[in-house]
Amino acid sequence: MSEDLLRIAMPKGRIYKKAAALFREAGFDLPEDLDDSRKLIIPVPELRMEFIMAKPVDVPTYVEYGVTDLGIVGKDVLVEDNRDVYELLDLGIARCRMSVIGLPDWKPTLHPRVATKYPVVASKYFRERGQQVEVIKLNGSIELAPLIGLADRIVDMVETGTTLRENGLVEMEKMFDITSRLIANRVSYRMKSEAVQSLCDRLSAAIAVRA
Ligand code: PRP
């Protein structure tokens, strides 16, 4: 990778548009067609940047292995995956929370089961509270689990609360707040410090204007 070119892993999906908006507010003139493109590698030579469109859970992997210098990813993924990367900046976007969720008439059961996309987060949470639960890993539509009897509770992200409301579920305990973070590869952080610092400064200024 060239010395001053920054390769950045962008999460496809719900975070992407918010991250792109923040970059634009920070004065990085991202091409409009980047938003709807199916291309996975998008060079923006005039900014000395190259964007990799990644599945959000894979962003820390690309950054840890140094195939991208930087990445944007939710705190939920960072806590679950615990990769060896630097967390540089709280971007304050894609704000939501991790919560324990259940049916309104939930009662403790003898063999409690918790379904989640975040088995590490969920296991640690219940272990720390001295509660024995069986954690079942699912990959999406987690809210189905208590509705069809796979688990009595779930651990999942709540953003607007619409999914819960539409499925008759309630938030029982909030676990922690989530926002998207800018992360860096440890070597890139040192070798490309000037470009990384300049990007951080401009993003920080844009975040401050929003606050
Ligand atoms: C996430 C999360 C919840 C929902 C929360 O799912 O797992 O289901 O969004 O958002 P809300 O509070 O605004 O309704 P996502 O849309 O990422 O899809 P998934 O079910 O495949 O995980």
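Side notes on the structure shown:
- Helix runs (DSSP H) in the chain reaching 20 Å along axis by Cα, Kyte-Doolittle at least 0.0: 193-210
- Both radii are taken from the alpha-carbon atoms of the chain; with Rh as the Kirkwood radius, Rg/Rh is 1.03.
- Most fluctuating residue given options Thr179, Thr163, Thr109, as computed from a GNM of the chain linking Cα atoms under 10 Å: Thr109
- Too-long pairs where the Cα-Cα distance tops 24 Å, listed order kept, from Lys75/Lys124; Lys55/Lys137; Lys107/Lys137: none
- Residues Lys124, Lys192, Lys17 arranged by fewest to most Cβ contacts within 10 Å: Lys17, Lys124, Lys192
- Pairwise Cα distances in the stretch 102-166 exceed 20 Å in 22 percent of cases.
- The relative contact order of the stretch 110-181, computed from alpha carbon pairs under 8 Å that lie at least 6 residues apart in sequence, is 32 percent.
- Likely footprinting exposure, Asp201, Asp36, Asp76, fewest C-beta neighbours within 10 Å first: Asp36, Asp201, Asp76
Each reported figure results from applying straightforward, stated rules to the coordinates on display, with no laboratory input. Because the structure is predicted, anything quoted here is derived from the model rather than measured. Using ideal geometry, Cβ is built from the backbone for each residue, glycine included, and neighbour counts are taken over all protein chains shown.
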